[in-house]
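Participant: Here's a structure for you.
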Amino acid sequence: MALQATERARDLEAYRAELRAAGLDAPWAEPGPLIRPKASAVRARLWRWAEIEPLVRRSAEFMTPGRGAERRILRLDNPGVPERTSTHTISTAVQYILPGEVAPAHRHTPNAVRFVLHGHGAYTTVEGDKCVMDPGDLVLTPSMTWHDHGNEGTEPVMWIDGLDSPVVRYLENLAMDTYPEERQPVAAVSGVSERRYGTPGLRPSTVEPGRAAGHLLHYRWEATHTALLRQRELPASPYDDVLLEYVNPLTGRSVLPTLGCYVQMLRPGIRTRSHRETSSAVYHVLAGAGHSLIDGVRFDWTPGDFFVVPPRAGHEHANDGGDPAILFSFQDVPLLTALGLYHMEA
C-alpha cells in the first residue's frame, strides 16, 4: 500500500512537470480548496500630522522651487502593501506647492482627487475649467482629463492627493501624457462645472461633450460643512454617525467609478457600532479628537492624522471630546460595488 502511494506520488510529480513544461497548472493537485482565500496585505496604521507636517515643509529644501511642483509629495506608505501605497487600491499623498509654482499640464489614466488642507491661492485647471481652491475643498481630475495646478497666493499650500493608481497598475494600464505647453487654455469664466451642477436639486438640460463635462469638479467646503451641520439633529447611522458621500449630481453615483469620497461627523459622546466591510478606507481627521478600534487595536487620533482600515477589518469610531469630530475619507466602495463584491456586516 505504501509502495503504491509512493509510486502514485512519483507519477503525479512527473505529470506536473509535464504540465509546467507545457505552460499549464493543475490546482487540484495541491491539498486544500480549489479557490483559496487570500489574506489582505493592508495593515491598519495611523500617521501623525505632528510628524507629517514638518517633513512636508522640509521637502522644499531638496527640490528646486518652480517647475516640478507636481512631484513634491510625501506618500503614505503602508508597510504591508508591496507597492508602498496606503491600501492595495488607494494611493494617498500630501502635496506641497510654494507661491508662484506651476505644475505643468498633464493627464494620466488613474482617477485622482485632491482635498485642500492649508493655504489659499492655489488652483487646479481641469479641461480648461479653473478651480480656485480653499481649505476643505475637494477637486476631481477624472481619468485622462488634462489638468495643471499652481499657487497664485503668497503662502505655501498643502493638499491630499488620492488616486486609484494601484488598481490601474494592476490592470496594466498605467500611463501619463504631458501637454504640449506648460498650461492649458482656460475658459473665459472660472468654475464652469460649479455653474452647471453646483446648485442642489437642479441640473442643466444639456451636457457638453468632453471627459469632464459630465462632472461637478469642485466641491466647496462651505457647502459640505453646512450640509453636515444640518444633519446633526436627524437620525444617523449606528456605524458611522452622520455620514455624507460626495456624488456626481448628474448621475447620483459616486464621484469616480473606483474611488468614493466621504465626510462624516461624530457627535460628542458618540461611539459607533463595530462592523466589517469588504472595502478599504483611508481617513483624515479634519477636526476633533477621538479613537478608532480596528480589529481590536486602538488608534487615538487628533486633527491632521491619517489612518487606514483594511478590508474585512472590524472597526468602530468614538468621539472622546466635547466638540464634533469630522473625518474625511477615500474608500474603494464604488469599485467593489460595481464588481458585486461590496458587503457590510455588523
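Participant: Over the Cα atoms, compute the radius of gyration (one decimal) and Dmax (the largest Cα-Cα distance, rounded to a whole number) for segment 243-303, in Å.
Facilitator: Rg then Dmax for segment 243-303, in Å: 13.8, 40.
Participant: Can I ask one more? Amide H neighbours of Arg183 under 5 Å, counting only residues 5+ apart in sequence or on other chains, H built in-plane at 1.01 Å?
Facilitator: Amide H neighbours of Arg183: Ala105.
Participant: For the chain, with all protein chains present and a 1.4 Å probe, just round the carbon and sulfur fraction of the accessible area to a whole percent.
Facilitator: 54 percent
Participant: Which of these, Arg20, Arg211, Arg71, has the largest mean-square fluctuation under a Gaussian network model of the chain (Cα springs below 10 Å)?
Facilitator: Arg20
Participant: Stretched out fully, how many nm does the piece from Ala39 to Glu7 gain, at 0.36 nm a residue minus the Cα gap?
Facilitator: Length difference between fully extended and current span is 8.0 nm.
Participant: Next up: Name the residue, out of Glu181, Glu277, Glu233, whose mean-square fluctuation peaks in a Gaussian network model built on the chain with Cα pairs under 10 Å.
Facilitator: Most flexible of the set in this elastic network: Glu233.
Participant: Additional query: May I ask you to rank Ile35, Ile270 by accessible area, largest first, using a 1.4 Å probe over the protein chains only?
Facilitator: Ile35, Ile270
Participant: To the nearest 20 debye, what charge dipole does segment 255-346 have about its Cα centre, counting +1 at the Cβ of each Lys and Arg and -1 at the Cβ of each Asp and Glu?
Facilitator: It comes to approximately 160 debye.
Participant: Of all the Cα-Cα pairs you can form in segment 228-334, what percent are over 16 Å apart?
Facilitator: So the pairs more than 16 Å apart make up 58 percent of the total in segment 228-334.
Participant: Now for a separate question. Mean separation of Cα pairs under 8 Å and 6+ residues apart, divided by the residue count of the chain: what relative contact order is that in percent?
Facilitator: 16 percent
Participant: About the Cα centre, and with charges only on the beta carbon of Lys, Arg (+1) and Asp, Glu (-1), how big is the dipole of the chain? Nearest 20 debye, please.
Facilitator: For this selection, approximately 340 debye.
Participant: Could I ask something else about it? Please identify, among Pro79, Pro334, Pro37, the residue showing maximal mean-square fluctuation in a Gaussian network model of the chain using a 10 angstrom Cα cutoff.
Facilitator: For the chain, modelled as a Gaussian network with Cα springs under 10 Å, the answer is Pro37.
Participant: Please work out how much length the chain gains when fully extended from Phe62 to Ser205, using 0.36 nm per residue of separation minus the C-alpha to C-alpha distance, in nm with one decimal.
Facilitator: Additional length available on full extension: 46.5 nm.
Participant: So, in nm, how far is label Ala29 from label His120 when the simple model puts each one 7 Å beyond its Cα toward the Cβ?
Facilitator: Taking the simple label geometry, Ala29 and His120 are separated by 6.9 nm.
Participant: Still on this structure, I have one more. What distance in nm lies between label points placed 7 Å from Cα along the C-beta direction at Leu19 and Asp323?
Facilitator: In this crude spin-label approximation the distance works out to 6.2 nm.
Participant: At 0.36 nm per residue, minus the direct Cα-Cα distance, what do Arg276 and Arg48 gain on full extension? Give it in nm, one decimal, please.
Facilitator: Here the segment from Arg276 to Arg48 would lengthen by 79.6 nm.
Participant: Continuing with the same structure: Ordering Met176, Met158, Met63 by accessible area with a probe of 1.4 Å, largest first, what comes out?
Facilitator: The ranking, largest first, comes out as Met176, Met63, Met158.
Participant: Sticking with this structure for a sec: Put +1 on the Cβ of every Lys and Arg and -1 on every Asp and Glu Cβ in the chain; which of Leu138, Gly269, Thr154 then has its Cα farthest towards the positive end of the dipole?
Facilitator: Value computed over the given set: Gly269.
Participant: With θ set to phi - 60° and the Karplus curve 6.51 cos²θ - 1.76 cosθ + 1.60, what are the ³J(HN,Hα) couplings of segment 201-210 in order, to the nearest whole Hz, using x for Gly and Pro?
Facilitator: Each residue of segment 201-210 in turn: x, 10, 8, x, 7, 10, 10, 6, x, x Hz.
Participant: Output the direction-averaged projected area (hull surface divided by four) of the convex hull of the alpha-carbon atoms of the chain, in nm².
Facilitator: For the Cα atoms of the chain, the hull's average projected area reads 23.5 nm².
Participant: Now a separate question. Return one number: the angle in degrees, 0 to 90 and rounded to the nearest 10, between the long axis of the Cα atoms of helix 221-230 and the longest principal axis of the Cα atoms of the chain.
Facilitator: 80 degrees
Participant: Non-local amide H neighbours of Asp305 (under 5 Å, H modeled in plane, Pro and chain starts lacking H): which ones?
Facilitator: Counting only residues 5 or more places away or on other chains, the set is Trp49, Val285.
Participant: For segment 112-209, what's the relative contact order in percent, using C-alpha pairs closer than 8 Å and at least 6 residues apart?
Facilitator: 32 percent
Participant: Relative to the first principal axis of the alpha-carbon coordinates of the chain, what is the inclination of helix 49-58, with its axis defined by its Cα atoms, in degrees from 0 to 90 and to the nearest 10?
Facilitator: The angle comes out at about 70 degrees.
Participant: When the Kirkwood hydrodynamic radius is evaluated over all pairs of different C-alpha atoms of segment 104-209, what value in angstrom, to one decimal, is obtained?
Facilitator: Result for segment 104-209, one decimal place: 14.9 Å.
Participant: A further question on this structure: Using the Karplus curve 6.51 cos²θ - 1.76 cosθ + 1.60 with θ = phi - 60°, work out ³J(HN,Hα) for each residue of segment 157-168 in order, rounded to whole Hz, and write x for Gly and Pro.
Facilitator: 10, 10, 8, 9, 9, x, 9, 9, 4, x, 5, 5
Participant: Can you tell me the alpha carbon radius of gyration of segment 1-153 divided by the globular rule-of-thumb value 2.2 N^0.38 Å?
Facilitator: This ratio for segment 1-153 stands at 1.71.
Participant: For the chain, what does the accessible surface come to per residue with a 1.4 Å probe? Please give it in Å².
Facilitator: Counting only protein heavy atoms, the per-residue value for the chain is 51 Å².
Participant: Right, another one. Using a simple charge model, +1 on the beta-carbon of Lys and Arg, -1 on the beta-carbon of Asp and Glu, nothing else, what dipole does segment 6-119 show about its Cα centre, in debye to the nearest 20?
Facilitator: 420 debye
The values are calculated or read from the model by the stated rules, or taken from the named source; none is laboratory data. Fair warning: this is a prediction, and the values are worked out from it, not measured in the lab. Positions of Cβ are backbone-derived with ideal geometry, glycine not excepted, and every protein chain shown enters the neighbour counts. The accessibility values were calculated without ligands, DNA or RNA, using every heavy atom of the protein model including side chains. Shrake-Rupley method; radii C 1.70, N 1.55, O 1.52, S 1.80 Å.
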